[in-house]
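What follows is a single structure, written as structure tokens, with notes after it.
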Amino acid sequence: MAINADGIGPLALGADYATAVAAAQRAAPDSAFAGPGCGGLDEVRFSGVLGTLPVSAMGMAEDERLVEIELGLDAPLQAEDQAACLALRDRFAETFVARFGSATEHWEIRKPVSREFMARTGPVVLVARWFSTGRSCYVSAVYGADPERFERQAGLGPLP
């Protein structure tokens, strides 16, 4: 997976959706697919590796333009504890930190069943979602997101 200032591989913020779909299908013909996705947005996905880690890239479009891109870690999806989940995010983040520098912003959202830990490096928000009941740990890097987006998703309203 190529890490760029505006996206991942063939997925770039602001890019035309149809062009991104075609580029993803060329880059990853065995795993690329496109269609309606989360929240009714058009979505294009494909799988690959980041260093030695298995990942999936997803671009979401509004009005035929990519508005958000997420690179998610496919495995492992569990951690021994919250500290191990954050360590996994930090290991995943190494490529982004090498490209964009150390995190300049950190925040946390507490939800009824999870804790979400975010860190911004350059144009990317690195996320670790920790679910203690199942020891699940979901790690991703998101382009096109800001703290307010995560607050809205948590139902907390805008940041003060």
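The values are calculated or read from the model by the stated rules, or taken from the named source; none is laboratory data. As the structure is a prediction and not an experimental result, all values here were calculated from the model. Neighbour counts are summed over all protein chains in view; Cβ atoms, including those assigned to glycine, are modelled from backbone coordinates with ideal geometry. Remember, those area values only see protein heavy atoms, side chains included, never the ligands or the DNA or RNA. Shrake-Rupley method; radii C 1.70, N 1.55, O 1.52, S 1.80 Å.
Over all distinct Cα-Cα pairs of the range 95-136, the Kirkwood formula returns a hydrodynamic radius of 11.1 Å. Size check on the range 1-56: the Cα extents along the three principal axes, sorted descending, read 32, 24, 22 Å. Phe100 contributes about 50 Å² of solvent-accessible surface, heavy atoms of the protein only, 1.4 Å probe. Legend: P(r) of the range 1-94 from all alpha carbon pair distances, 5 Å bins from 0, whole percents, reading 3, 14, 24, 22, 15, 12, 7, 2, 0.
Here the calculated FRET efficiency for Glu94 and Asp16, from their Cβ-Cβ distance with R0 = 22 Å, stands at 0.10, rounded to the nearest 0.05.
For the range 1-155, with all protein chains in place and a probe radius of 1.4 Å, 51% of the accessible heavy-atom surface sits on carbon or sulfur. For the residues Cys85, Cys38, a 1.4 Å probe over the protein chains yields an accessible-area ranking, largest first, of Cys38, Cys85.
With every protein chain left in place and a probe of 1.4 Å, what is the accessible surface of Ser56, to the nearest 10 Å²? Counting only protein heavy atoms, Ser56 exposes about 20 Å² to solvent.
State the cysteines of the chain left without a partner when partners are defined as other cysteines whose beta carbon lies under 4.7 Å away. Lacking a cysteine Cβ partner under 4.7 Å: Cys38.
Other residues with beta-carbon under 13 Å from the beta-carbon of Ser132 carry, at +1 per Lys or Arg and -1 per Asp or Glu, a net charge of +2.
The packing ranking of peptides 72-78, 42-48, highest mean first, is 42-48, 72-78, where packing means the average number of other beta carbon atoms within 10 angstrom of each residue.
A simple rule links phi to the HN-Hα coupling: the Karplus curve 6.51 cos²θ - 1.76 cosθ + 1.60 with θ = phi - 60°, which for the range 82-89 gives 4, 4, 5, 5, 5, 5, 5, 4 Hz, with x for Gly and Pro.
Charged neighbours of Gly37, selected by a Cβ distance under 10 Å, balance to -1 (K, R count +1; D, E count -1). In summary, the chain shows an alpha-carbon radius of gyration equal to 1.01 times the 2.2 N^0.38 Å reference for compact globular proteins. One chain, two ends: Glu108 and Ala5. Fully extended at 0.36 nm per residue, the span grows by 34.7 nm beyond their Cα-Cα distance.
Per residue, the solvent-accessible area of the range 1-40 (1.4 Å probe, heavy atoms of protein chains only, all protein chains present) comes to 52 Å². Averaged over residues, the count of other Cβ atoms within 10 Å places the peptides 107-116, 6-15 in the sequence 6-15, 107-116, highest first. Estimated translational diffusion coefficient (Stokes-Einstein, Kirkwood radius over Cα pairs, 10 °C, 1.306 mPa s) of the range 53-117: 113 µm² per second.
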